[in-house]
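Before any comments, here is the structure.
Laboratory data are not the source of any read-out in this text; all were calculated from the coordinates shown. As the structure is a prediction and not an experimental result, all values here were calculated from the model. Glycine gets a Cβ as well: all are built from the backbone with ideal geometry, and neighbour counts include every protein chain shown.
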Amino acid sequence: MEKYEQIPAGIDDLAAYIPEVYLPIATLADARGIEYAKLNKGLGLTAMAVPDVGEDAATMMANAVRELIEKNDLRPQQIGRLYLGTESAIDGAKPTATYALQMLQAYFAPIYGPDCFLNCDVVDLTFACIGAVDALQNTLDWVRAKEGRLGIVVAADNAKYELGSTGEYTQGAGAIATLVKRHPRLLAIDPDWGVSTRAVYDFYKPLRQVKKSDVIAEALQLASRNHVDVEQLTEQLQDGIEVKGVLDSNEQLLTLHKDTPVFDGPYSNDCYQERIKDALINYRHETNTTSDEPTAIRWDRLIFHLPYAFQARRMFGEIFWQEMQQTGQAAALAEQIGLELPQATDFEDEVVYQKALTGFWRAVTKTPLYRSFVAERIAPSEEASGQVGNMYAGSVFLALLGTLEAGLEQNNLSPDAVFGFFAYGSGSKSKVFQGRLQTGWEQVVQGFKLRQRLDERTAIDYATYEQLHRQALDSPVVKRSSYFRQTNITEDGKREYFIPANKEAMRPS
């Protein structure tokens with residue numbers, strides 16, 4: 001029997017669902033008075049995927065999983081677990097994955113029966129943008145533990161920011177489903193992982209509490225009825241325990257959830273950079289890598305969480321410089337930088353020192369050696385990100401999809417190519433791990449058709465985008481009968497969905 005740590009397990013296939021509509025970044029730049037080149041040339045942004053009416057994390061998940069099941073000729077009964085990584089949950093208790101399961105069960109029931117997913121373990125994992133990677137690591141351990149297990153890990157999110165905010169132009173949405181099994185056809189993932197975690201507030205979605213009286217006062221002010229005694233009106237709401245509406249509840253404070261986050265962009269970048277660096281150090285420890293051996297710069301491709309397309313190339317300079325010191329090109333790199341590494345002992349002011357250090361790392365990223373490294377190892381992952389935008393938990397998987405498709409198109413990836421992953425989730429945590437490309441990977445990647453799907457989307461104008469953002473439209477912009485979508489929410493909060501026709505079930509036997 002194979003030893004547990006020697007059993008190859010990993011990603012057998014992937015399927016992506018990207019919303020059918022998108023907003024060109026040039027259109028948003030024009031509406032906001034931002035120079036387009038700043039977003040396109042500076043951040044790598046071209047378009048943002050926008051969820052249509054009736055689309056959320058559950059519907060996008062269901063669409064991605066359905067494709068993964070069908071193109072791999074799987075029976076629902078074969079799937080032992082369906083784990084979702086998301087920060088766009090639609091319920092505070094019932095997993096969003098169960099809403100997707102509701103749709104999938106209705107779709108597959110005509111062929112496989114109403115209980116076809118009865119023995120499937122379903123759950124959500126949440127840690128900002130790294131939740132799906134947590135689910136992947138967990139599921140890899142599960143499939144290694146027993147022969148024949150199949151798991152599907154899904155990343156599904158809507159990266160939504162306030163209109164006019166500094167995060168708005170990085171928005172995106174979509175879902176990516178990953179088939180996880182032993183002896184995968186695509187990518188075998190090593191069991192050693194590095195991790196770095198700190199509890200910080202770089203990006204978060206708090207449950208905001210507001211006084212009932214403040215809500216009433218704001219409503220009355222909008223209605224120009226300031227003569228009403230707000231405090232007296234609020235007290236009247238507390239006469240009984242029966243709940244007759246939103247304000248007529250038993251709590252003094254109302255708890256509100258917003259899809260948009262509280263965030264500090266520069267601080268989040270700092271956290272991202274520190275976490276991936278510390279996780280790499282931990283990975284080196286877990287793999288018993290000596291201090292004089294470079295790790296990341298030896299990987300054939302680097303797959304990062306990309307909140308915007310050029311994030312990785314901006315954040316990796318410090319690690320690149322550190323690892324290049326262990327190679328014969330250290331002197332050449334130093335000459336290209338043209339600056340000495342700032343030393344803390346030369347500065348009396350910590351702020352001035354950090355500013356000098358930031359300038360040095362920026363100088364590293366402008367060297368020919370670094371740019372050549374980025375062009376070969378990182379850039380293949382950027383195009384898809386620039387076309388979709390931030391997918392939160394799905395961003396690192398989108399980077400993988402884009403890299404594999406680029407490798408197939410350019411014929412510059414060979415079996416046994418080693419991929420290094422840098423996952424990140426605000427709050428904050430990073431995980432670093434390694435995967436190895438498998439023989440025959442090309443056949444699997446041919447089924448992605450990611451570029452084709454992105455090219456076939458429908459562009460929308462700014463007015464339509466703003467209506468979708470404000471949830472002011474009643475019907476979808478693009479009416480498609482082949483995808484799951486939400487159609488109604490009942491008075492007691494139950495969600496109803498459109499279920500596309502299962503063509504397999506409609507075929508004559």
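Structure summary
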{"item": "At R0 = 60 Å, FRET efficiency that the Cβ-Cβ distance of residue 326 and residue 219 yields, to 0.05", "result": "0.40"}
{"item": "Cα-derived Rg over Rh, computed across region 23-106 with Rh taken as Kirkwood radius", "result": "1.15"}
{"item": "Cα-based Rg and Dmax for region 132-201, where Dmax is the largest Cα-Cα distance (Å)", "result": "16.5, 51"}
{"item": "Over 31 Å between alpha carbons, listed pairs 212/431; 38/355; 181/277", "result": "212/431"}
{"item": "Net length gained if the chain between residue 446 and residue 353 were fully extended (0.36 nm per residue, minus Cα distance)", "result": "28.5 nm"}
{"item": "Fraction of antiparallel bridges per DSSP, the chain only, in percent to nearest 5", "result": "75 percent"}
{"item": "Separation of the residue 409 and residue 112 label points, Cα + 7 Å toward Cβ, nm", "result": "3.3 nm"}
{"item": "Förster radius 45 Å - calculated FRET efficiency between residue 35 and residue 339, Cβ distance, rounded to 0.05", "result": "0.95"}
{"item": "Spin-label pair residue 480/residue 183, simplified geometry with 7 Å Cα→Cβ offset, distance in nm", "result": "3.5 nm"}
{"item": "Estimated dipole of the chain in Debye, rounded to 20 [Cβ of Lys and Arg +1, of Asp and Glu -1, Cα centre]", "result": "1200 debye"}
{"item": "Interchain or long-range residues, amide H under 5 Å from residue 390's placed H", "result": "171, 172"}
{"item": "Computed lengthening from residue 470 to residue 121, 0.36 nm per intervening residue step minus Cα-Cα distance", "result": "122.1 nm"}
{"item": "Ellipticity estimate at 222 nm from DSSP helix runs (n ≥ 4, -39,500 (n - 2.57)) divided over the chain, nearest 500", "result": "-11500 deg cm²/dmol"}
{"item": "Rounded FRET efficiency, nearest 0.05, which uses the C-beta distance separating residue 293 from residue 198 and R0 of 30 Å", "result": "0.70"}
{"item": "Anisotropy class of region 84-160 from Cα gyration tensor, a/c 1.5 cut", "result": "oblate"}
{"item": "Alpha-carbon centroids, region 368-444 and region 277-348: separation in whole Å", "result": "18 Å"}
{"item": "C-alpha center-to-center spacing [region 164-224, region 106-150] in angstrom", "result": "21 Å"}
{"item": "Least to most buried among 277, 449, 494 (fewest other Cβ within 10 Å first)", "result": "494, 449, 277"}
{"item": "14 Å Cα-Cα reach of residue 41 towards aspartates and glutamates, excluding residues that sit fewer than 8 places from it in its own chain", "result": "382, 383"}
{"item": "Karplus (6.51, -1.76, 1.60) ³J(HN,Hα), θ = phi - 60°, over region 157-164, in Hz, Gly and Pro reported as x", "result": "7, 10, 7, 10, 10, 5, 4, x"}
{"item": "Value of relative contact order over region 1-75, rounded to a whole percent, pairs C-alpha under 8 Å and six or more apart", "result": "37 percent"}
{"item": "Cα gyration tensor category, rounded, prolate or oblate, for region 456-509 with a/c compared to 1.5", "result": "oblate"}
{"item": "Cα gyration tensor shape of the chain, rounded if a/c is under 1.5, else prolate or oblate by comparing a/b with b/c", "result": "oblate"}
{"item": "Summed residue charge, Cβ within 15 Å of residue 327's Cβ, Lys/Arg positive, Asp/Glu negative", "result": "-2"}
{"item": "GluC sites (Glu not before Pro) within region 448-509, DSSP loop, no more than 13 other Cβ atoms inside 10 Å", "result": "456, 491"}
{"item": "Whole-Hz couplings from phi, Karplus 6.51/-1.76/1.60, listed for region 337-350; x for Gly and Pro", "result": "5, x, 9, 8, 4, x, 10, 4, 5, 8, 10, 7, 9, 5"}
{"item": "Per-bin percent of Cα-Cα distances, region 354-509 [10 Å]", "result": "8, 22, 29, 24, 13, 4, 1, 0"}
{"item": "Spatially proximal lysines relative to residue 94 (Cα-Cα < 26 Å; intrachain offsets below 8 disregarded)", "result": "160, 205, 244, 258, 429, 494"}
